[in-house]
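Report on the structure given below.
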Amino acid sequence: MDEMEEELKCPVCGSFYREPIILPCSHNICLACARNILVQTPEAESPQSSRASGSADYDYLDLDKMSLYSEADSGYGSYGGFVSAPTTPCQKSPNGVRVFPPAVPQPPPQQHLLQPPGSYPPIPRNSCITCPQCHRSLILDERGLRGFPKNRVLEGVVDRYQQSKAAALKCQLCEKSPKEATVMCEQCDVFYCDPCRLRCHPPRGPLAKHRLVPPAQGRISRRASPRKISTCTEHELENLSMYCVQCKTPVCYQCLEEGKHGPHEVKALGAMWKLHKGQLSQALNGLSDRATEAKEFLVQLRNMVQHIQENGVEFEACLVAQCDALIDALNRRKAQLLTQVNKEHEHKLKVVRDQISHCTVKLRQTTGLMEYCLEVIKENDPSGFLQISDALIRRVHMTEGQWGKGTLTPRMTSDFDLTLDSGPLLQTIHQLDFVQMKVPAAPILQLEECCTQNNSATLSWKQPPLSTIAVEGYILELDDGNGGPFREVYVGTETICTVDGLHFNSTYRSRVKAFNASGVGQYSKTLVMQTSETGLPPCDIQSLGSVAWFTFDPSSAHPDILFSNDNLTVTCNSYDDRVVMGNTAFSRGVHYWEITIDRYDNHPDPAFGIARADVLKDVMLGKDDKAWAMYVDNNRSWFMHNNSHTNRTDGGVAKGSTVGMLLDFTRRILIFLLNDEQQGPVAFEGLEGAFYPAISLNRNVQVTLHTGLPIPDFYTPGEVDPTGSTC
């Protein structure tokens with residue numbers, strides 16, 4: 001309950017709320033304090049003031065113009081050239097909030113004598129009030145402070161809190177030195193201590209039916225006043241019966257008939273009361289989890305302080321032992337090194353203690369808000385609850401959001417990553433300093449970023465959050481996809497790597513380690529990744545291997561290539577041949593794909609085939625030793641590899657023609673088809689490694705890719721003749 005006390009104090013006077021009112025910004029303030037911070041706006045701004053008062057909306061006044069009574073003023077307030085009467089400098093409340101004296105002409109002394117005690121002078125026109133918490137300003141309308149609703153829920157919570165903090169109740173029947181009461185009889189309305197209860201209120205006869213309750217509960221029930229009927233602030237004779245969804249405020253029947261809420265959506269007050277109570281309870285569940293995590297985190301931080309103390313003492317002892325073993329020339333250096341260690345020690349303690357202090361304050365505020373919200377939920381006043389529920393729900397969500405992952409993460413490690421190097425020669429003793437002699441910690445694989453696509457695998461990793469050891473690079477290792485030994489696939493400084501050309505439908509194990517000048521660190525945990533499965537029926541999987549869907553790859557294509565149709569259709573904006581490859585590499589199985597000629601002008605000779613990842617992109621496919629292709633015009637075709645032309649075959653392409661490519665790793669061969677017929681003999685044999693589907697074309701050609709196709713009916717693996725005939 002002590003944490004909740006901050007929620008129950010006025011930001012102006014610093015005391016518990018007395019007759020709190022709700023400002024339009026959802027903050028609360030005592031009614032008397034609201035009168036104290038009123039400021040009268042000048043008549044020069046009356047048009048704007050009347051507009052603001054008519055709409056009763058917030059007016060974000062310029063902070064420079066609002067400095068009517070700043071501490072630097074010479075007793076005169078100014079506003080847009082208007083000079084008011086001399087005023088006294090502003091004062092500060094116990095909470096540090098500046099309280100502005102009202103810029104109201106004081107009545108003559110004799111008028112004060114005629115006013116009844118406890119009454120307030122009338123509020124002048126164009127008065128302005130500024131929220132002491134969010135500093136938003138509002139010009140009051142003709143109703144003055146009566147236009148703000150009273151926060152009866154907060155007033156009830158304050159009353160219950162003060163009652164719970166009051167002194168213990170005494171027995172009402174003790175003759176001398178009354179003892180502390182232990183029970184209260186609700187029917188007799190009397191507090192009893194144990195001896196007086198046994199003597200004066202025995203549990204028999206008619207008294208046996210009386211209900212005895214604890215003193216605190218009895219005090220609350222005794223002092224509880226009947227629930228006040230909520231009335232409308234605009235129509236004081238009307239009770240609040242509905243809830244305006246658009247304005248988020250309770251309204252009366254007359255507001256719906258005559259006021260601005262008529263066209264708005266309204267709902268039953270009781271239904272919205274229950275709905276908002278449920279929302280607040282649900283929001284509190286999440287905040288409660290954060291508070292529990294914060295408590296556990298504080299325990300962790302306090303344990304870390306102890307570990308830092310122990311490690312600091314141990315490290316200091318080792319340092320002293322090393323320095324004492326050196327020659328006399330080391331003694332002067334030893335003192336400097338001890339100072340450095342102590343600074344590191346104090347720095348770690350300061351960081352952790354600061355984090356403990358920060359987290360403790362935030363947890364205290366969170367706990368106070370939780371307790372306050374729980375007390376608000378107990379309130380049975382629907383309209384009063386709905387007046388503050390939206391603001392409370394926002395505060396709870398906002399407070400929960402402040403407990404982010406970074407908030408509950410230690411900012412400092414308890415280890416001292418320092419080692420004294422005592423090996424240098426005597427002439428370098430004056431340069432003796434701490435050096436880092438530890439190998440890096442094992443990297444952490446970021447599972448949310450690791451994935452597979454077709455036969456490619458992307459892996460991502462990072463260093464442990466609290467590791468301060470320098471890393472010069474990483475080594476990524478994969479096995480062969482069949483439970484074999486690991487092999488290095490990447491060495492470098494990047495923390496993400498994509499490995500292409502893996503086998504389809506295979507399970508790969510991967511791991512990574514870091515290294516620096518001191519050596520190689522431990523491996524990360526092993527990650528098991530599955531490449532894509534086949535798209536064929538089970539019988540075809542067994543006989544033919546893997547078939548995959550893929551598209552053209554913009555990232556590896558020549559810049560002159562133009563993509564459309566989700567990267568399935570390509571053309572070129574140059575008359576020269578340009579190469580584009582698929583986004584999937586093949587190294588095992590049997591694969592078949594086709595390319596349809598969408599446009600074919602002026603008899604060019606596009607080339608179709610396969611290529612390595614580093615193939616030349618600005619020449620015809622097959623001009624270098626990284627590609628195996630068939631180029632074809634409108635009459636005939638040739639096979640080409642490493643700029644060598646072979647097997648001229650009659651038959652060309654036109655608009656609407658289809659070129660098929662059959663890649664069989666069981667025989668390590670490549671076959672071309674033209675309009676569903678094999679074009680020439682087996683084009684290439686002895687293929688081994690990883691290959692990407694590829695084509696080269698210019699601006700006279702546009703093609704569309706078709707993948708995931710079944711193997712042509714004429715072809716059966718292992719039964720093809722090198723001359724091109726089939727069995």
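The values are calculated or read from the model by the stated rules, or taken from the named source; none is laboratory data. Worth saying up front: this structure is predicted, and the values here are computed from it rather than measured. Methodologically, a virtual Cβ is constructed for each residue, glycine included, from the backbone with ideal geometry; neighbour enumeration extends over all protein chains shown.
Can you name the residue in the range 613-651 that is in contact with a strand residue (DSSP E or B) (Cβ under 8 Å, 6 or more places away or on another chain) and free of Cβ contacts under 8 Å to residues at least 12 places away in the same chain and is also nearest to Pro693 (Cα to Cα) among such residues?
The extreme case among them is Trp638.
Taking the range 130-148 as the range and being at pLDDT 80 or above and closer than 15 Å to Pro20 by Cα as the test, the residues that pass are Cys131, Pro132, Gln133, Phe148.
For the range 189-221, a residue qualifies if it is modelled with pLDDT of 85 or more and within 26 Å of Gly156 (Cβ to Cβ), and the qualifying residues are Val190, Phe191, Arg211, Leu212, Val213.
Checking each residue in the range 3-33 for being under 30 Å from the mean Cα position of the chain (by Cα) and part of a helix (DSSP H, G or I) picks out Glu3, Met4, Glu6, Glu7. For the range 495-509, the condition of being in contact with a Pro (Cβ under 9 Å, 6 or more places away or on another chain) and over 25 Å from Thr409 (Cβ atoms) holds for none of the residues. Annotation: of all residues in the range 487-503 being over 17 Å from Leu445 (Cα atoms) and out of contact with any Lys or Arg (no Cβ under 7 Å at 6 or more places or on another chain), the one that is modelled with the highest pLDDT is Arg487.
For the range 385-402, the criterion of being in the same structural domain as His276 (by TED's automatic domain parsing), in contact with a Gly (Cβ under 6 Å, 6 or more places away or on another chain), at pLDDT 85 or above and in a helix (DSSP H, G or I) is met by at least one residue.
Considering Gln336, Gln254, Gln306, Gln282, which residue is of a type in the set (S, T, N, Q), free of Cβ contacts under 8 Å to residues at least 24 places away in the same chain and outside the structural domain of Gly404 (by TED's automatic domain parsing)?
After ruling out the rest, the residue left standing is Gln254.
In this structure, is Ala291 modelled with pLDDT of 85 or more, farther than 30 Å from Ser26 by Cα and not assigned by TED's automatic domain parsing to the domain that holds Glu142? Taking the combined requirement at face value, the residue does not satisfy it.
One line per residue, one yes/no per condition, for (1) within 12 Å of Leu697 (Cα to Cα); (2) at pLDDT 90 or above; (3) of a type outside the set (A, V, I, L, M, F, W, C):
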position: Leu544; (1), (2), (3): no, no, no
position: Phe552; (1), (2), (3): no, yes, no
position: Ser555; (1), (2), (3): no, no, yes
position: His558; (1), (2), (3): yes, yes, yes
position: Leu568; (1), (2), (3): no, yes, no
position: Thr571; (1), (2), (3): yes, yes, yes
position: Val580; (1), (2), (3): yes, yes, no
position: Ala585; (1), (2), (3): no, no, no
position: Tyr592; (1), (2), (3): no, yes, yes
